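Engineer: Quick one: the structure is below, and I'll ask about it shortly.
The values are calculated or read from the model by the stated rules, or taken from the named source; none is laboratory data. All values reported here derive from a predicted model rather than from experimental measurement. Here Cβ is always computed from backbone atoms with ideal geometry, including for glycine, and neighbour counts include all displayed protein chains. The area values use the complete protein model at the heavy-atom level, side chains included, leaving out ligands, DNA and RNA. Shrake-Rupley method; radii C 1.70, N 1.55, O 1.52, S 1.80 Å.
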Amino acid sequence: MGLSQISDQWWSLFHLYNTLGWAVGIVVLGLLVYILIRYRHRPGAAEPEDAPKGGVIPSERGSAAGAILLTLIVTGILFPLTVYTISTVDLIEHPPEKGTIVVKVEGFQWGWKFTYPNGKQLVGELRIPAGEVVIFEVRSSDVFHNFGVVDFKVKADAIPGKVIKIWIDPLKTGTYLIRCFEFCGVGHPLMTAKVVVMEPREFGQWYGKR
Ligand code: CUA
């Protein structure tokens with residue numbers, strides 16, 4: 001947590017899905033075990049009165065109120081998840097306008113080239129300052145690749161002839177992994193790079209004038 005706005009939101013969404021998934025799983029498996037024990041076969045026991053019979057349509061059972069309640073519970077769980085998911089995708093796809101440094105990212109067989117606004121270029125390593133919004137313009141010079149900044153939870157296709165924008169706002173200094181997420185030939189597993197998030201002053205010294 002605290003790595004960037006997007007990864008924080010990604011993780012809280014993940015924990016929410018995970019918690020609800022466990023809750024639903026426990027209820028379903030609990031009911032399954034209960035029913036297995038409650039209705040297990042006992043030697044000499046008679047069939048229960050409401051047991052289904054071959055060729056006979058069962059009489060009406062269940063309650064409308066129960067069905068409505070269950071529908072409301074399911075909707076109450078799924079609707080907020082949908083809204084939260086859409087808002088996370090919206091955050092990822094819409095970089096903020098202000099205070100940005102735009103880096104051109106070019107995928108090639110097999111590596112990543114980064115070009116800064118002042119013309120500086122790096123291959124295999126991306127240096128960015130902490131506490132700023134960094135926008136990536138992702139493209140490819142040969143085949144389909146996919147630019148993924150793993151810990152920051154952002155990915156974009158790198159497609160020849162197209163530019164796709166994604167962004168991160170790194171809050172902590174450190175070194176993080178970038179890798180290709182689209183099979184692009186024998187070098188694909190090796191198509192990695194690193195992001196070095198630097199102290200703003202240190203970055204300024206390396207980068208020079210903006
Ligand atoms: Cu580039 Cu896989």
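Engineer: Only one of these conditions is not met by residue 175: (1) within 22 Å of the chain's Cα centre (by Cα); (2) among the β-branched types (Val, Ile, Thr); (3) surrounded by 14 or more Cβ atoms within 10 Å (Cβ to Cβ). Which number is it?
Structural biologist: All conditions pass for residue 175, except number (3).
Engineer: Considering only residues of segment 191-203 that are more than 16 Å from the ligand (Cβ to nearest atom) and open to solvent by less than 20 Å² (accessible area, probe 1.4 Å), which is farthest from the chain's Cα centre (by Cα)?
Structural biologist: 203
Engineer: In addition: Output the strands (runs of 3 or more DSSP E) that fall wholly within segment 111-190 and possess 3 or more residues being farther than 18 Å from residue 204 by Cα and away from the ligand (no atom under 16 Å from the Cβ), or say none.
Structural biologist: Where strands (runs of 3 or more DSSP E) fall fully within segment 111-190 and carry at least 3 residues being farther than 18 Å from residue 204 by Cα and away from the ligand (no atom under 16 Å from the Cβ), they are 164-168.
Engineer: State yes or no: is residue 68 of a type in the set (A, V, I, L, M, F, W, C) and open to solvent by less than 70 Å² (accessible area, probe 1.4 Å)?
Structural biologist: no
Engineer: Mind listing whichever residues of segment 106-134 are surrounded by 15 or more Cβ atoms within 10 Å (Cβ to Cβ) and of a type in the set (Val, Ile, Thr)?
Structural biologist: 115, 128, 133, 134
Engineer: Also, I was wondering about something else. Can you pull out the residues in segment 74-95 that are open to solvent by less than 60 Å² (accessible area, probe 1.4 Å) and not in a helix (DSSP H, G or I)?
Structural biologist: 95
Engineer: Something else about it: I need the full set of residues from segment 31-62 which are aliphatic (A, V, I, L, M), at pLDDT 85 or above and open to solvent by 100 Å² or more (accessible area, probe 1.4 Å), in order please.
Structural biologist: Selection gives 36 alone.
Engineer: Which condition number in (1) out of contact with any Lys or Arg (no Cβ under 8 Å at 6 or more places or on another chain); (2) surrounded by 13 or more Cβ atoms within 10 Å (Cβ to Cβ); (3) within 23 Å of residue 204 (Cα to Cα) is the one that residue 98 fails?
Structural biologist: Result: residue 98 passes all but (2).
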